[in-house]
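Take a look at the structure set out below.
Read-outs throughout are calculated quantities, based only on the coordinates presented, and are distinct from any laboratory measurement. Quantities reported herein were computed from a predicted structural model and do not represent experimental measurements. Glycine gets a Cβ as well: all are built from the backbone with ideal geometry, and neighbour counts include every protein chain shown.
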Amino acid sequence: MRSIYLLSFFFLPLLVFSQEFEPNYDEAEVPEYHLPDPLIFDNGQAINTAEDWERRRLEIHDIFEREVYGKSPHWDGESRAEVISSTDNAVGGMAIRKEVKLSLIRQGKQVDIYLLMYLPKSNLRSPVFLGLNFYGNHTLSEDQAIRVTDAWIRNNETYGSSENRASEKGRGLRRDNWGVEEAINRGYGIATLYYGELDPDFDDGFDNGVHALYQEERDENSWGAVAAWAWGLSRVMDYLETLEEVDATKVAVLGHSRLGKAALWAGASDSRFAMVISNNSGCGGAALSRRRYGETVGRINRAFPHWFAKRFSHYSENEDELPIDQHQLIALLAPRPVYIASGEEDRWADPRGEFLSGLHANPVYQLLGKTGMPVNEQPAVDQPIMGDIGYHVRSGGHGMLPYDMHQYFNFADKHWKSK
Ligand code: GTR
């Protein structure tokens, strides 16, 4: 008996770990769950005023830091910016294109990130869409002047990366995904950088990328990679605030998938981002964890142990114990406009769970005098809705497509141009 007990003690976790993960894609199998109320303090007191919410907001942000993404450090280093290339003849002569090396320097260490910007030629300051890219700045344009990143990169045959290095082969292949031409035509700038320059996306023990700027003792609440990417977006925001061409009161932070998780956390942590856009961000992003539909907390922690605070793995197969759920991440963005987009076939990211997060953030938007999500039911495929919270489920699968960008520009027009 005792030996059976011992055997199961040692081998059961191994068994659970090595078993193929079977995602649930059956709505009828979604367990019953109870979402934590964003409008009740942890001590049980109700939130009735905007002032109460400010305090509750901090409480919720602390919980996300501690339990999910990890605590990012305060930036007390030195930042330097150097324009490494520029032209005023981009996008058919309609835009200025610049690539800027931003150096983050602290305690004798330096991390260089490269920001690619397209800005409309205009006498006015332009609103900007800022987002991290997956395969390097050069994938946004055929222009040879744009640098090929020398940072570690995931191998991908289509985008020309092998042996963890990017190559010329990827040049221009992601241009349409970013809607650069449409942005410029509509008066918006695009700013992007390769996410691996902030933190290479592998489980490296946190001794490279921006983590290395801080020689800290790590604990189970220390920042993971998603938090590092989000923190980097704030460093870019520091720079955008210094530019005359940019309207820094209208910067939308956007991201796809893991970078959508980073965009949401950046928006939640830094209120300078006036608009937040989550494209197919899924588990650990906009999707409710308690639904356990598609990717789950356990699966994401096992597959990507470096993305979140170590503490998050406490909730693997244990979602009901989470003191928050992802609707509260959306609530942290209130009253700012936020857009959540899903792909119909991207079931791994749980489109319905992404919609519900927005819907369950409504009480906070409403407390602050807004509407939030303007519908109660998930809209039909390819029928975007745009309130303070926007949502669409696009036909097709996982990806950030021109259709998605088109909606984001419409959403920005609605919030930024009608006034
Ligand atoms: C998947 C991961 C998702 C999503 C995606 C991506 O493998 O399970 O959470 O982030 O990667 O970033 O493309």
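Of all residues in region 265-293, those satisfying the criterion of being within 12 Å of the ligand (Cβ to nearest atom) and of a type in the set (A, V, I, L, M, F, W, C) are Cys283, Ala286, Ala287. Of all the residues in region 215-259, those that are closer than 21 Å to Ser122 by Cβ, among the acidic types (Asp, Glu) and either within 19 Å of the chain's Cα centre (by Cα) or part of a strand (DSSP E or B) (or both) number 1.
Applying the criterion of being in contact (Cβ under 8 Å) with a residue 24 or more places away in the chain and part of a loop (DSSP other than H, G, I, E, B) to the residues of region 161-172, the residue that is surrounded by the fewest Cβ atoms within 10 Å (Cβ to Cβ) is Gly172. Selection of region 302-313 for residues being within 12 Å of the ligand (Cβ to nearest atom) and either surrounded by fewer than 23 Cβ atoms within 10 Å (Cβ to Cβ) or among the acidic types (Asp, Glu) (or both) yields Arg302, Ala303, Phe304. Scanning for something surrounded by fewer than 20 Cβ atoms within 10 Å (Cβ to Cβ) and either without any contact (Cβ under 8 Å) to a residue 12 or more places away in the chain or closer than 30 Å to Val297 by Cβ (or both), does region 125-139 turn up at least one residue? No. The set of residues in region 42-63 being touching a residue at least 12 places away in the same chain (Cβ under 8 Å) and more than 21 Å from Lys370 (Cβ to Cβ) consists of Asp42, Ile63. Of the residues contained in region 304-317, none is found to be of a type in the set (D, E, K, R) and under 18 Å from Ser281 (Cβ atoms).
Please determine whether any residue of region 173-188 is assigned to a strand (DSSP E or B), touching a residue at least 60 places away in the same chain (Cβ under 8 Å) and more than 25 Å from Pro305 (Cα to Cα). No: region 173-188 contains no residue that is assigned to a strand (DSSP E or B), touching a residue at least 60 places away in the same chain (Cβ under 8 Å) and more than 25 Å from Pro305 (Cα to Cα). Each residue in region 263-289 was checked for being buried (at least 22 other Cβ atoms within 10 Å of the Cβ) and more than 24 Å from Gln407 (Cβ to Cβ), and 1 pass.
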